[in-house]
Amino acid sequence: MNLPFLLAHRFRQSREKTRYLSFISASSTIGIGLACAILIILLSVMNGFQKALENDFLSLVPHVEYQAVQGGLEDWQEIVRVAEQHPGVRAAAPAIKLSAMVQLPGRFRGLELRAINPELEPAVSGITRYVSSSAWQQFVNTENGVLLGKGLANELGLGIGDNLNLLIPQLQQGNTIRAPRRINVTVVGLFAMGGELDFQQAYIHLALGQTTAGLDTEASSVRLALHDVYAAPMIAREVAGQIQEYAYIHDWTRSEGHLFRDIQLVRTIMYLVLVLVLAVASFNIVSTLVMVVREKQASIAILRTMGASESLIMRTFVWQGSLNGVVGAVVGSVVGTILALALPQVLGALERTLNVSMLPAELYFISSIPSEVVWAEVLLVAGLAIVTSVLATIYPARQAAKLAPAQALRGS
């Protein structure tokens with residue numbers, strides 16, 4: 001067995017008889033463990049939010065959108081063809097975005113109406129992931145059908161098969177204001193995205209949207225779905241350079257980029273919190289070792305008299321202090337990983353028990369707290385905790401190694 005490790009283990013066992021030193025040592029171990037566990041949980045939550053942003057929210061928000069400057073895009077088919085030739089573009093589809101109001105007895109409710117092409121839209125927005133196959137087929141076959149968000153349908157008390165009156169405001173012409181256009185649609189399906197979009201959006205056919213907006217065969221915009229969502233600004237400019245029509249260029253980093261920046265900011269703050277918590281726990285290791293060195297002066301003198309080198313004494317106390325950090329980092333990482341994996345289920349059960357919602361669906365883009373464990377980050381957190389703990393032992397261990405036998409016996 002490694003002699004420094006054996007001596008450190010013996011010193012650790014004898015130290016357990018001293019309650020004060022044991023309490024200081026245990027507090028440093030617990031502090032490191034808590035720091036690792038809390039950071040792994042928080043980073044997993046941030047990873048979950050980022051994954052939800054990429055896979056769920058951005059599957060419904062256009063990665064890139066070319067919007068007509070005035071009226072509509074006359075040849076949107078050509079824009080779709082040009083865009084799909086770019087290697088970074090997964091699919092493209094036309095759309096018409098309208099503001100509408102739902103007319104109900106005694107009240108109105110505003111919503112965003114999207115007129116889509118049922119053949120091209122699934123490849124761009126992934127709407128079929130959130131609506132049943134039968135409801136989607138019914139929507140495809142019903143020209144005046146509408147898909148409503150489940151949250152909006154519940155709020156309005158509507159179900160499949162109900163008729164709905166929509167008022168579409170018309171643009172001002174000259175000094176007069178045109179009366180809003182009224183269309184009657186039938187609810188053919190409900191989509192459940194689990195966020196604020198369930199309360200704000202509805203989908204109709206592109207042909208119905210063209211009639212409502214006063215367009216012939218045009219579309220007000222063309223939306224792109226990309227393979228790499230973070231390349232949206234670059235791809236938007238590259239495709240725009242090949243388009244003949246004038247159009248406004250939009251990408252998700254301008255409209256929804258604050259969500260991604262917020263996630264990255266919180267992640268950075270979490271790393272700073274880890275460093276601070278580990279620094280506090282490391283100070284406990286330093287103070288514990290300093291007191292252990294003072295307590296073991298006689299043992300150090302005996303070891304030096306028997307021929308122990310300064311290197312042996314130093315490695316002994318490095319081992320002794322590192323054991324606190326290693327135990328705390330390993331236990332904290334294991335506990336943090338288990339809690340991070342079970343966090344969505346635990347919080348879901350807690351919400352059902354207390355009948356509360358931590359993320360109200362009408363306010364946030366997701367309605368439940370997600371979590372995704374990245375093993376590289378778990379190893380990074382544990383490794384950083386261990387390295388910090390080892391570095392904290394160097395100064396007390398060097399002081400122990402420099403202790404002269406006569407001085408140690410005199411002090412003891």
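Quick rundown of the values:
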item: Options Glu54, Glu84, Glu65; residue that is at pLDDT below 85, acidic (Asp, Glu), within 30 Å of Arg223 (Cβ to Cβ) and within 32 Å of the chain's Cα centre (by Cα); result: Glu54
item: Among the candidates Pro94, Pro87, residue that is surrounded by fewer than 21 Cβ atoms within 10 Å (Cβ to Cβ) and more than 25 Å from Leu158 (Cα to Cα); result: Pro87
item: Residue that is farthest from the chain's Cα centre (by Cα) [pool: residues in region 212-221 that are more than 18 Å from Leu167 (Cβ to Cβ) and open to solvent by less than 20 Å² (accessible area, probe 1.4 Å)]; result: Ala219
item: Close pairs from region 342-355: first in contact (Cβ under 8 Å) with a residue 60 or more places away in the chain, partner assigned to a helix (DSSP H, G or I) and aliphatic (A, V, I, L, M), Cβ under 8 Å, at least 6 apart; result: Leu343/Ile41; Leu343/Val45
item: Of the criteria (1) at pLDDT below 80; (2) open to solvent by less than 40 Å² (accessible area, probe 1.4 Å), which one Leu343 fails; result: (1)
item: Number of the exception - Ser287 against (1) among the hydroxyl-bearing types (Ser, Thr, Tyr); (2) over 30 Å from Ala401 (Cβ atoms); (3) in a helix (DSSP H, G or I); result: (2)
item: Leu224 vs. criteria closer than 30 Å to Lys97 by Cα, touching a residue at least 24 places away in the same chain (Cβ under 8 Å) and open to solvent by less than 80 Å² (accessible area, probe 1.4 Å); result: yes
item: Any hit, region 279-296, residues being within 21 Å of Glu372 (Cβ to Cβ) and either modelled with pLDDT under 80 or surrounded by 19 or more Cβ atoms within 10 Å (Cβ to Cβ) (or both); result: no
item: Options Gly321, Gly307, Gly325: the member that is of a type outside the set (Asp, Glu) and in a loop (DSSP other than H, G, I, E, B); result: Gly307
item: Region 97-113, subset open to solvent by less than 20 Å² (accessible area, probe 1.4 Å) and within 29 Å of the chain's Cα centre (by Cα), residue nearest to Asn144 (Cα to Cα); result: Leu113
item: Residue match in region 241-249 (condition: at pLDDT below 75 and open to solvent by less than 40 Å² (accessible area, probe 1.4 Å)); result: no
item: Flag if Gly189 is out of contact with any Asp or Glu (no Cβ under 6 Å at 6 or more places or on another chain), more than 19 Å from Gln67 (Cα to Cα) and of a type in the set (Gly, Ala, Ser); result: yes
item: Check on Arg315, of a type in the set (Lys, Arg), open to solvent by 40 Å² or more (accessible area, probe 1.4 Å), assigned to a helix (DSSP H, G or I) and closer than 18 Å to Ile386 by Cα; result: yes
item: All strands (runs of 3 or more DSSP E) inside region 19-122 with 2 or more residues being in contact with a Gly (Cβ under 8 Å, 6 or more places away or on another chain); result: 89-104, 107-116
item: Residue check, Val131 within 24 Å of Ala225 (Cα to Cα), of a type outside the set (Gly, Ala, Ser) and touching a residue at least 60 places away in the same chain (Cβ under 8 Å); result: yes
item: Spans of strands (runs of 3 or more DSSP E) in region 140-229 with at least 3 residues farther than 30 Å from Ser368 by Cβ and among the aliphatic types (A, V, I, L, M); result: 163-168
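Condition check ((1) open to solvent by 30 Å² or more (accessible area, probe 1.4 Å); (2) of a type in the set (Asp, Glu); (3) under 30 Å from Gln244 (Cα atoms)) across all residues:
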position	(1), (2), (3)
Gly126	no, no, yes
Val131	no, no, no
Ile160	yes, no, no
Ala179	yes, no, no
Arg182	yes, no, no
Glu196	yes, yes, no
Gln210	no, no, yes
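The values are calculated or read from the model by the stated rules, or taken from the named source; none is laboratory data. Since this is a predicted model, take the numbers as computed values, not measurements. Virtual Cβ from ideal backbone geometry, glycine too; neighbours counted across all protein chains shown. Side chains are part of the model used for accessible areas, which takes the heavy atoms of the whole protein and leaves out ligands, DNA and RNA. Shrake-Rupley method; radii C 1.70, N 1.55, O 1.52, S 1.80 Å.
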